[in-house]
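Before any comments, here is the structure.
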Amino acid sequence: MWHYYAGAPLTLSLSHNDGKGVRTVVLGPDVFKGEQPQVMIGSWEWQRAKSEGDWTLVGTTGESAFVPLSAVGDPQKMLTR
C-alpha cells in the first residue's frame, strides 16, 4: 500500500505485465480531482512512480509476505521459496 503525506501529487503506473495495459492512480490530497490518499497494490503488480512537482513525500506499507524483487533478483527463484 502506498500512502500520500505531503507535496505534489504522485502518479503511479501499475501493471501485471500481462498485456492488459497499465492502471494509473494519482496519490494526493485533492479527492475532488480524483486523487487518492492511499492505494493498494495487487500481488505481482509492477509499479512506477512519478512526482508531479518538485517533491512528494509518500510511504509504503508491505504485508508480511512481501519480498522486494531487487532483494531476490531472479523472479523464478522467488517462486521456489
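The values are calculated or read from the model by the stated rules, or taken from the named source; none is laboratory data. Just so it is clear, the structure is predicted and the values come from calculations on it, not from any experiment. Here the Cβ positions follow ideal geometry from the backbone for every residue, glycine too, while neighbour counts run over all protein chains shown. Ligands, DNA and RNA are excluded from the accessible area calculation, which covers all protein heavy atoms including side chains. Shrake-Rupley method; radii C 1.70, N 1.55, O 1.52, S 1.80 Å.
Of the conditions (1) open to solvent by 40 Å² or more (accessible area, probe 1.4 Å); (2) at positive phi; (3) touching a residue at least 40 places away in the same chain (Cβ under 8 Å), G19 fails just one. Which one is it? The single condition G19 does not satisfy is (3).
The set of residues from the range 13-28 being assigned to a strand (DSSP E or B) and either at pLDDT 95 or above or not hydrophobic (A, V, I, L, M, F, W, C) (or both) comprises S13, S15, R23, T24, V25, V26, L27.
Would you please name the residue that is farthest from the chain's Cα centre (by Cα), looking only at residues in the range 29-79 that are modelled with pLDDT under 90, more than 16 Å from L14 (Cβ to Cβ) and small (G, A, S)? Filtering first and then ranking leaves G73.
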